[in-house]
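Q: Can you keep this structure in mind? I'll have questions shortly.
The values are calculated or read from the model by the stated rules, or taken from the named source; none is laboratory data. Just so it is clear, the model here is predicted, and its values are computed rather than measured. With ideal geometry, Cβ positions are generated from the backbone for all residues, glycine too; neighbour counts draw on all protein chains shown. Ligands, DNA and RNA are excluded from the accessible area calculation, which covers all protein heavy atoms including side chains. Shrake-Rupley method; radii C 1.70, N 1.55, O 1.52, S 1.80 Å.
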Amino acid sequence: MPPFFSYAAIIFALFAAMIASDIWGRYKDASAAAVLEASAVRSLLITAAYVDPVDANAIRESVAGYVHVVLNEEWPAMKAMNAEHKDAASGALNQLTSVVLGAMLNKPQARPFEARLQQAIDTIRSSRLTRLSYAFDPVQYGKWRALVLFGFLTIFSVGLCHVRKPRAMKVALGVTVAGILITTSVLANHRSPYAGTDPVKPELLKESLHLLELKNYQISKGLQ
């Protein structure tokens, strides 16, 4: 292929690498956000053991409600990129925030406990906004348009270079089209950190509820 015809393929590869880099960066950030959210939920459940029993039960119930809504409604919507259920857990999070703040106002806690409760709520809120942003705000469309454009230009260039050799042109075009389609499909299937072959999953958030189940078991044993 003449050098001036290879420019389209080089630029296509450049945009593919840029999109792949964006996808990988978003995946890492989304994974970190899931860890932070699960950690904050566990911090709330652990700290609740040191506040007033009535407030502690209210906090545990609110945490359980929030996590169940995230697991059963919000996370599936993120995976399917269903914007209609984007804010499924907003109400549950607001309820959790009100319960935690109410617990601090009704009976002031020691400063370290109040700081832990407030920090946990702030972490949950910021982590949730991070995952929603990555789930519903895909990689810039301009990069995708450029990828498709230079993919077509690459195919055109390959065909033009072999226009005098129909047999070679068919083979070259077949290989080029297959490579471009595979590259674009792989990138498109992973445009969201919560979709694709190895998505970010809410396993840590789900496992955090084991603390709640353990606490309920301890309470029930204590009442016996």
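Q: Would you confirm whether or not region 43-65 contains a residue that is on the phi > 0 side of the Ramachandran plot and open to solvent by 20 Å² or more (accessible area, probe 1.4 Å)?
A: So far as region 43-65 goes, no, none of its residues is on the phi > 0 side of the Ramachandran plot and open to solvent by 20 Å² or more (accessible area, probe 1.4 Å).
Q: Next up: What's the number of the only condition in (1) in contact (Cβ under 8 Å) with a residue 24 or more places away in the chain; (2) surrounded by fewer than 18 Cβ atoms within 10 Å (Cβ to Cβ); (3) not in a loop (DSSP other than H, G, I, E, B) that SER185 fails to meet?
A: Failed condition: (1).
Q: Would you mind telling me which numbered condition in (1) surrounded by 18 or more Cβ atoms within 10 Å (Cβ to Cβ); (2) within 13 Å of LEU205 (Cβ to Cβ) ASN72 fails?
A: It is condition (1) that ASN72 fails.
Q: State all residues of region 199-224 that are open to solvent by 50 Å² or more (accessible area, probe 1.4 Å), modelled with pLDDT of 85 or more and not in a helix (DSSP H, G or I); if no residue qualifies, say none.
A: LYS201
Q: Same structure, new question: List the number of the failed condition for ALA83; all other conditions in (1) more than 25 Å from the chain's Cα centre (by Cα); (2) open to solvent by 40 Å² or more (accessible area, probe 1.4 Å) hold.
A: The one condition ALA83 does not meet is (1).
Q: To continue, here is another question. In region 140-158, is there at least one residue being basic (Lys, Arg), at pLDDT 90 or above, in a helix (DSSP H, G or I) and touching an Asp or Glu at 6+ places or on another chain (Cβ under 9 Å)?
A: Going through region 140-158, the residues basic (Lys, Arg) turn out to be 143, 145.
Add one more test, that the residue is at pLDDT 90 or above, and what stays is none.
No - not one qualifying residue is present in region 140-158.
Q: Please work out which residue is least open to solvent (accessible area, probe 1.4 Å), limiting yourself to region 94-130 and to residues that are aliphatic (A, V, I, L, M) and within 18 Å of the chain's Cα centre (by Cα).
A: In this case the residue turns out to be ILE124.
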